[in-house]
Amino acid sequence: MTKAQLFITCLGDQFYTSTLKSMTRILEDLGVELMFPPEQTCCGQPLFNNGFEDKTKGVALNFLKAFSKSDAPIVAPSGSCVSMIKHHYAELFPEGISEHDLAIDIASRTFEFTEYLVNVLKVTDVGAVYPHKVTYHATCHYLREMGLKTEAKTLLNSVKGLEFVSLKEEETCCGFGGAFIVTFPEVSRSMMENKVNDILACGADTVVMCEPGCLMNVAGGLHKAGSKVRAMHIIDLLASK
Amino acid sequence: MNETSPYIGFEEYSEHVPTSIPLAVQQATGRFVSGRAARVAELPQWEELRQIGSDIRQHTIENMDGYLTHLEAAVLSAGGHVHWAESGEDARQIVLQIAKENKVKSVVKSKSMATEEIHLNRALEAAGIESLETDLGEYIIQLAGTGPSHIIVPAVHLTKEEIAVLFSKHLGIDAPNDPIELARIARETLREKFLSAEMGISGGNFLIAETGTLVMVTNEGNGRMCTTMPDIHVAVVGIDKVIPDWDSLTVFLKLLARSATGQKLSTYTQFITGPRHAEGEGGPKEFHLVLLDNGRSKILKDPVGRDVLKCIRCGACANVCPVYKNVGGFAYGSFISGPIGAILSPQMLGTQAARELPFASTLCGACADVCPVKIPIPTILRHLRRRVSQGDEFSKPTLSTSIRVTASLASFALAQNWLYRFGTRVLPTFMSIFKRGNWISNAPYPLSRWTKARPLPSFTASFRNWWKKEKDSTK
Ligand code: SF4
């Protein structure tokens, strides 16, 4: 039986309980036996990206310990956290020490959710039904650091009843940027408002993305604009029947 | 230089960006972005070309000394003069000295980032020498009394209406809102000056070490006049502009105009090898090359940060940068703005004055995707954030102690998972005080900085419990 470990990410943990339940259900319905290491916390990216490399080590170690008890792949609902693990963990520990090798091993078996479905399980249709006009925001790290250009759209393509609407500047950042959103609130606001205006202009009633942080930003922006457009994680859409 | 550079308050500036700036900037950069995309689509070998360009620049900055020595010899043998300027002040003094020796009263200038970097106009004016910018954009910002807000379109932040007002005020005329008319007015005003100026000052896009040739890539023709009409031509160029040979130049000419303006080639590409050699030939009597270091050698010592010196100043990174497009160039507080400014200024001015700049990015990576010489801008931003936050062999940390303490606490809580899990249990209860429906609109500091622009979803944090119950009951 296929096994996988869930990494729910700290933002998922705090804000997206129902998305995580949907993620569990989708994977279990596909026959994946899931494990959830309760010692997991955060990937450490907020510290790493703000220049605190030395303070990231302990957080990364906690992650490596939590997930090395099993050799099953690790799946997370965030391209950004997965990129942190895949692209930066090894550089935190010098070559030659065991943590470095462990980081490389863990990196090689950590996957973003849509990547895991499409490229590992080779599943492009999860039997979802969602009769709505849907647009897609390509989040930055998912798109550029992970290079995931087609996976989300491939999955959306096989959702029954879904009408895809393209978004102007689909690949432009929404203004989240981790700590950026509170460090430069006014710049973040303008970027978010540009994104929200493009979403409103495209005529979709739903916008999906593959990133909890960006989702919090865009969903909040739509709510503030008084819009009825639903912002959701792609997992929630794929769980619709 | 480092200690005295004034603090660059990006965040403070971003709190009150004039609304006209993002509009003007987005309009202009939008044109460049689509132009670039069209040119790139025509060249199937574009990615290969970028790689070659990147490799040549990498090789050059790693062997800078050798190429500069070569360049100097070649310029001298072509009859030019070479001056080495370690600092901006040195460069200004060198130019003033040349002007003094030749009794120069007026100077015409073509667009140059290096002279913006060293604030040459101010120094010339202080010495009683009239200095006139002849590139239309530079002429406009000279009238406005500001620096450039974009690498290749210095006045990108101004609308045609604002430019007309400037012209009317400074030229004592009633200038119309029509760009063509405004250009004509500028051209007429400038023409006289070209004829009377004793000295022309330019920058340079490339310096070919092989033959000592200065390459200038322009669109307005004023550069040609500045460098040929006056008797003396002084070029102030950063040492990073050196390239090995003419073969490499062909690569950069293909990359530069396409990346910058979406042109295949810019209107004028000028090659200047020394002064005129005989009476009757075109060109100035004297050619001076001022090679500007101004911190570049120091940057070269940092194996990560030095990649910034590969830059060919095309501006493409700014054109695609969502941060730049929403704040404009002045937020970056220096002659160079956008992503390239965010990685250059902290290295040039120090991470005390420019400590906010490496953070003024969402690390979205759009810049690195378009950079024609593949500078890993997000990697350098992270590298400089590290310098600011924890310090490195080049600088002490410059972040406030309170933020560093907060980071230590966060690090501790995230590494000790029992503490994190405890937090996850109490946070939703604590935050529920601020909840209205599913949203929190007025969170306490520091999350208030989040909720001032958009609400925060409420903390649910019940997956762990659900999992426990679900899995325990199915066992
Ligand atoms: S960093 Fe790259 S994209 Fe930006 S100006 Fe320099 S060469 Fe152009």
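Electrostatic tally near B:Leu49: other residues with Cβ closer than 14 Å to its Cβ, Lys and Arg +1, Asp and Glu -1, net +3. Taking the Cβ of A:Asn50 as the centre, find all other residues whose Cβ is under 13 Å away and add up their charges (Lys, Arg: +1; Asp, Glu: -1). Overall, the nearby charge balance is +4.
Where only DSSP H runs of four or more residues are counted, the protein assembly as shown gives -14500 deg cm²/dmol as its mean residue ellipticity at 222 nm, each run worth -39500 (n - 2.57). Ordered from longest to shortest, the equivalent ellipsoid semi-axes for the protein assembly as shown are 52, 27, 23 Å, each the square root of 5 times a Cα gyration tensor eigenvalue. Compared with the dominant principal axis of the Cα atoms in chain A, helix A:53-67 is inclined by about 90°.
Highest-first packing order for the peptide set B:337-348, B:413-424 is B:337-348, B:413-424, based on the mean count of other beta carbon atoms within 10 Å.
If R0 equals 56 Å, the separation of the Cβ atoms of B:Glu470 and B:Thr4 corresponds to a calculated FRET efficiency of about 0.35. Available extension along the chain between B:Glu198 and B:Glu210 is 1.3 nm, counting 0.36 nm per residue and deducting the alpha carbon span. Distance between the modelled labels on A:Ser158 and A:Ser18, one decimal in nanometres: 2.6 nm (7 Å Cα→Cβ projection).
Shape annotation for the range B:419-474: C-alpha extents along the principal axes are 44, 25, 16 Å, from largest to smallest.
Short-range pairs are left out: with C-alpha atoms under 8 Å and at least six residues apart, the relative contact order of the range B:1-149 is 13 percent.
The Cα center of the range A:100-155 and the Cα center of the range B:112-146 differ in position by 52 Å. In the neighborhood of B:Pro284, defined by Cβ-to-Cβ distances under 15 Å, what is the net charge if each Lys or Arg adds +1 and each Asp or Glu adds -1? Net of charged neighbours comes to -2.
As a quick test, which of the pairs A:Lys55/A:Lys86; A:Lys195/A:Lys228; B:Lys103/B:Lys241; A:Lys195/B:Lys452; A:Lys65/A:Lys86 have an alpha carbon distance above 20 angstrom in this structure?
B:Lys103/B:Lys241
Using a probe radius of 1.4 Å on heavy atoms only, what accessible surface per residue do you get for chain B? Whole Å² is fine.
Each residue of chain B exposes 43 Å² on average to a 1.4 Å probe.
Each Cα pair under 8 Å and six or more residues apart adds its sequence gap; the mean of these over the residue count of the range B:419-474 is a relative contact order of 31 percent. Annotation: the antiparallel percentage among DSSP beta bridges lying fully within chain B is about 35. Rg ratio for the range A:3-120: its Cα radius of gyration over 2.2 N^0.38 Å, N being its residue count, equals 1.02.
For the range A:186-192, putting each phi into the Karplus relation 6.51 cos²θ - 1.76 cosθ + 1.60 with θ = phi - 60° gives couplings of 6, 5, 4, 4, 4, 5, 4 Hz, in residue order, rounded to whole numbers and with x for Gly and Pro.
Modelled label positions at B:Asp55 and B:Lys169, each set 7 Å beyond Cα in the direction of Cβ, lie 5.2 nm from each other. When chains A and B come together, the accessible area they lose, probed at 1.4 Å and totalled over both chains, is close to 5400 Å². Packing, taken as the mean count of other beta carbons within 10 Å per residue, orders the peptides A:20-30, B:260-270, A:189-199, A:83-93 from highest to lowest as A:189-199, A:83-93, A:20-30, B:260-270. Shielding of peptide B:460-469 by partners, expressed as the average count of other chain Cβ atoms within 10 Å per residue Cβ, is 6.
Subtracting the Cα-Cα distance of B:Gln93 and B:Ala127 from 0.36 nm times their residue separation leaves 11.2 nm of extension gain.
Within a 10 angstrom radius of each residue's Cβ in B:370-382, how many Cβ atoms of other chains show up on average? Whole number is fine. Walk me through the numbers on the way to the answer.
On the way: counts 0, 0, 0, 0, 0, 0, 0, 0, 5, 0, 0, 2, 6.
Partner-chain Cβ atoms within 10 Å, mean over residues of B:370-382: 1.
For chain B, give the percent of accessible area contributed by carbon and sulfur heavy atoms, probe 1.4 Å, rounded to a whole number.
56
Using a probe of 1.4 Å on the protein chains alone, the accessible area found for B:Asp174 is around 140 Å².
Accessible area, 1.4 Å probe, largest first: how do A:Val118, B:Val33, B:Val323 sort?
B:Val33, A:Val118, B:Val323
For the set B:Arg306, B:Arg187, solvent exposure ranked by accessible area (probe 1.4 Å, protein chains only) runs largest to smallest as B:Arg187, B:Arg306.
The distance from the alpha carbon centre of the range B:399-456 to that of the range B:51-103 is 53 Å, rounded to a whole number. The accessible area of B:Phe271, taken with all protein chains in place and a 1.4 Å probe, comes to roughly 100 Å². The relative contact order of chain B, computed from alpha carbon pairs under 8 Å that lie at least 6 residues apart in sequence, is 20 percent.
In a DSSP loop and with at most 15 other Cβ atoms within 10 Å, there are no trypsin sites (Lys or Arg not before Pro) in the range B:1-102.
Ignoring the sites themselves, what is the longest stretch of chain B with no GluC sites (Glu not before Pro) in a DSSP loop and at most 12 other beta-carbon atoms within 10 Å?
Answer from the scan: B:4-278.
Per residue of peptide B:384-391, the mean number of Cβ atoms on other chains within 10 Å of the residue Cβ is 4.
The solvent-accessible area of A:Cys81, taken with every protein chain present and a 1.4 Å probe, is close to 20 Å². Each semi-axis of the equivalent ellipsoid for chain B is √(5λ) with λ an eigenvalue of the Cα gyration tensor; in descending order they amount to 47, 26, 21 Å. Can you pick out the pairs among B:Lys105/B:Lys193; B:Lys325/B:Lys396; A:Lys122/A:Lys149; B:Lys301/B:Lys396; A:Lys21/A:Lys241; A:Lys133/A:Lys153 whose Cα atoms lie more than 21 Å from each other? Flagged as over cut-off: B:Lys325/B:Lys396.
The values are calculated or read from the model by the stated rules, or taken from the named source; none is laboratory data. Keep in mind the model is a prediction, meaning the values are calculated, not measured. FYI the Cβ positions are ideal-geometry reconstructions off the backbone, even for glycines, and counts take in every protein chain you see. Note: areas computed on protein heavy atoms with side chains; ligands, DNA, RNA excluded. Shrake-Rupley method; radii C 1.70, N 1.55, O 1.52, S 1.80 Å.
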